[in-house]
1. Could you pull out the residue among D:Leu249, D:Leu269, D:Leu261 that is farther than 22 Å from D:His206 by Cβ, at pLDDT 95 or above, in the same structural domain as D:Phe184 (by the TED database) and aliphatic (A, V, I, L, M)?
2. With the condition kept exactly as written, say whether any residue in segment D:160-170 is in a helix (DSSP H, G or I) and not assigned by the TED database to the domain that holds D:Trp79.
3. Name the pairs: first residue in segment C:147-166 and surrounded by fewer than 18 Cβ atoms within 10 Å (Cβ to Cβ), second residue in a helix (DSSP H, G or I), Cβ to Cβ under 7 Å, at least 6 apart or on different chains?
4. Looking only at segment C:1-21, count every residue that is within 16 Å of C:Pro70 (Cβ to Cβ), in contact with a helix residue (DSSP H, G or I) (Cβ under 6 Å, 6 or more places away or on another chain) and buried (at least 19 other Cβ atoms within 10 Å of the Cβ) and tell me the total.
5. Given the criterion outside the structural domain of C:Arg251 (by the TED database) and surrounded by 18 or more Cβ atoms within 10 Å (Cβ to Cβ), identify the matching residue among C:Met59, C:Met77, C:Met93.
6. Hey, which of the strands (runs of 3 or more DSSP E) in segment C:24-110, taking only ones fully inside, have at least 2 residues that are away from chain B (no Cβ under 14 Å)?
7. Could you list, in sequence order, all residues of segment B:272-284 that are among the aliphatic types (A, V, I, L, M) and at pLDDT below 95?
8. In contact with a Ser or Thr (Cβ under 9 Å, 6 or more places away or on another chain) and within 16 Å of D:Ala259 (Cα to Cα): which single residue out of B:Val273, B:Val250, B:Val260, B:Val256 fits that description?
There are 4 protein chains.
Amino acid sequence: MSHYYRLVVSCPDRLGIVARVSNFIAGHGGSITEASQHSDLEGGRFFMRYEILADSVGMPPEALREAFAPIADEFEMTWALTDTRQRRRVVLMVSRETHCLVDLLYRWTAGELDCDIACVISNHEDMRGLVEWHGITYQHVPVKADDKATAFAEVQRLVDEAHADCVVLARYMQIMPPALCERFQGRMINIHHSFLPSFAGARPYHQAHQRGVKLIGATCHYVTEELDAGPIIEQDIHRVSHCHTPSDLVRFGRDVEKAVLARGLRWHLEDRVLIHGNKTVVFA
Amino acid sequence: MSHYYRLVVSCPDRLGIVARVSNFIAGHGGSITEASQHSDLEGGRFFMRYEILADSVGMPPEALREAFAPIADEFEMTWALTDTRQRRRVVLMVSRETHCLVDLLYRWTAGELDCDIACVISNHEDMRGLVEWHGITYQHVPVKADDKATAFAEVQRLVDEAHADCVVLARYMQIMPPALCERFQGRMINIHHSFLPSFAGARPYHQAHQRGVKLIGATCHYVTEELDAGPIIEQDIHRVSHCHTPSDLVRFGRDVEKAVLARGLRWHLEDRVLIHGNKTVVFA
Amino acid sequence: MSHYYRLVVSCPDRLGIVARVSNFIAGHGGSITEASQHSDLEGGRFFMRYEILADSVGMPPEALREAFAPIADEFEMTWALTDTRQRRRVVLMVSRETHCLVDLLYRWTAGELDCDIACVISNHEDMRGLVEWHGITYQHVPVKADDKATAFAEVQRLVDEAHADCVVLARYMQIMPPALCERFQGRMINIHHSFLPSFAGARPYHQAHQRGVKLIGATCHYVTEELDAGPIIEQDIHRVSHCHTPSDLVRFGRDVEKAVLARGLRWHLEDRVLIHGNKTVVFA
Amino acid sequence: MSHYYRLVVSCPDRLGIVARVSNFIAGHGGSITEASQHSDLEGGRFFMRYEILADSVGMPPEALREAFAPIADEFEMTWALTDTRQRRRVVLMVSRETHCLVDLLYRWTAGELDCDIACVISNHEDMRGLVEWHGITYQHVPVKADDKATAFAEVQRLVDEAHADCVVLARYMQIMPPALCERFQGRMINIHHSFLPSFAGARPYHQAHQRGVKLIGATCHYVTEELDAGPIIEQDIHRVSHCHTPSDLVRFGRDVEKAVLARGLRWHLEDRVLIHGNKTVVFA
């Protein structure tokens, strides 16, 4: 099966970037299967993502990276060149609401998520059976209200041990400590069960019901220290009416959350999400 | 052409309301063409709306109202019985953004809005031509930053003179004075250009662009004294991405605003919207 | 926990139906928690569904049915009175595409589908592990191209043995024999992977890709003898573009199929779907 | 105000196209503000669209075209280089249903459609007033059932006289003769009031109501000789239920038609739609 190199770049916008990069790729025989660019006219920043058939380039990724480095320097690029053969290692974290976990496990099994699932970490035992049935390690790390530090030290240890590239908070209902947020900056993904910035914080569906909105939503975003305020990757909504109780909202919300998190994670794993300050460029 | 009586009721929920009301209607030969009920289980309140073929009832609306009054008293109903032959008188108010006005005028011409348009009031002269082309009176009431009171006294006079049943703020960019809000409580409809409660206040599309949301929206709501906080009638959204500038958001937003305001107003005119505290029951 | 009686009626439209039925319910002390009506003005037919708190009625469902029968006769009703304590027995059938099955199992576990799953029947062995992990019987009934009759005799036997009230074709890729269609008329639900009536028959996503449509869809419908032509319960769509290959369409389609089938089945189990010729009334 | 050159290319896919073209643009100092590419892997065809700040290139479009021609030849490109200062001349055609016309006139006035409207042609007199109020010429060309040839000769004459670049059938309910379809291939846009390929031909909303679908739609497509079968540019849908009569479907449909046609036309005018056999690549 074919594999691909993905070149992802962000840099100050100026003349000739595309020419220089595409010359470089063509010069190495690279066959481009997908190309995306974006110029942020306000901020004067340029973003690009190229997907290149690996076999068309006669060299391993390390060599290609080395060859590209001078161009990257010249244009002051923030960049990465990834090889789809090197699958990301993802740690999933979950509490009692399991719809996102079940959904991600199905998609992973079906080949929709190109990654290894290093382990599932939960503050509850509930999902051990199903997770292990999928052949995945389950780590139970209880979180005590009066000693969260111990729990998060253990989480950190497990994440390290797992060599995680990415952490997914699939309805993990504990607030991550700043150190972990910092360490996984741009690599820790959360699903929030509201259409942010509406109803940040706790019990958003009850807040939404209280306000009488006609649409509820969910938001997939990168985690930052400030709660529910990180760069948004994806959002979606579901229509509701006066007929619906808070528990109907919760039920509809589950479907939106699953879909939004799955899209966000897939895009992240495919290097389609570029962070730009507190916003994202998504080459979906 | 057939006309209809509409009986709209809200009352404390208890046994036998539907039986009593439907007996009453059947007893007068009333042929029901549409019926809706809602029990708010939390608040213990009951809502209903019946559409009755007027010709099937052998009496004018006044007589039917008189006959119904004892039942209404017994069940402590807030209620109204309207006759579709008595068209509501609507005053449209608009500033510089004219998409909602143009849209409402088209729908009114096409027979989608069952009302008379008493007049259009604007703080600008721009739309006089198009409005008068439709045979509708145009009232220019300039609003001076240092003397809004005079302007709103004139607005009030015009609204009175027009015998308005309903005022529509079709992107009227002035804050209505409390007295007018109070007087048209439940009969003054605004379109806000965001998915409330996100981005209340000024320049919501710029706020949305700043936050990097992936969906923008619009909200049609009844006006209350508290800005952008009244009961929501309808909302909808449009997908956006990193490609889109604030002016793209404004452009997409126009389409959402038009659609949401038109649906909200139509439902209001058809007596489909029942206010319930700071929320609405919409029998759409 | 509260249980409910559901009274579902369709009959020729005439004066006084609602009055008569609501009197009957009120006369037995019945507390109505949800009520829906629809008059089909073209066909002159009336549909209604009442949800009644069982404890408010001082009698078992059999007695209530007996008491209601004379009214039903008088108005020539097609009707049913169900008790939510008597859970439907559902048989799920599946072939190689398992997303709908996995989704329904999750929803069932989460309490979104109020039914017993009598068994899963498949023409493949693949899903035995997951199904049995859920504590559900798995029946493997291979279908040989040159002897389908034997297979369907076995299917019929298993369905009988299971006392199935409802059969769900959750991407079961065999055409059901007329006798089974006939027997489960209005109780056999299929998910078709296109926005019917477009692209009936085989490989609809490839047909859609070939035609260059900008939206793909899925359709949940009751099975009738004529392939993909039965009464439609629910449909939904997903946006696609020139970027997407047929396999992307298949992937997007899985999400739409899951959602549409789950909604359709839930509504069916809640007695919200009334068949009207080749169409449905859905009190959702 | 800035203007732009747009380079739109389709050619057999092979190595180095992007490099060659972006080198060419950079070599002329061209500042790229938007770039899109698509490789059709099945058909082996490549599509690209570049938007270039005109002032950054030190030459008029004719000179740039001449300089580019050798590259175009070498890569066997179908291509165009347009200048946004040269506005397209659009002829709108309409019959009795006027919602699309009114909508396009508003958008044109609001600056959403970058074109000149050469004239409106109709087989009815109804819209003369509104069209002329916008300062646009109105041409009434009655179509007699027994002599369509005369009418279409006149349409052809008017279109020629108007030097039309593009013809929009904004609910023009006559079938265009093959000669006109041929002549405006890829430049004549129709709005069909169904979600094609469902319900091609006459009275699609009635067909949809008859079939009991739960979503209705509209399709914007290029006109070809075969009725309702040309390349699809855009589609969208609106949810309906058993409550809705055919005339409700018509009303909802108007909103979908307006939106879909406006998007399709805008994309066409911005050179975002590339025809690929009977499909389109839309760089929206």
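1. D:Leu269
2. Within segment D:160-170 (the criterion being in a helix (DSSP H, G or I) and not assigned by the TED database to the domain that holds D:Trp79), the answer is yes, since at least one residue qualifies.
3. Filtered contacts from segment C:147-166: C:Gln156/C:Leu180.
4. 1
5. One residue alone meets the criteria, C:Met77.
6. Passing ranges, in order: C:78-83, C:88-94.
7. Listed by number, the list holds a single entry, B:Ala284.
8. When all the criteria are applied, what remains is B:Val260.
The values are calculated or read from the model by the stated rules, or taken from the named source; none is laboratory data. Predicted, not measured: the structure shown is a model, and the values here were computed from it. Ideal geometry is used to build each Cβ from the backbone, glycine not excepted, and the neighbour counts take in all protein chains shown.
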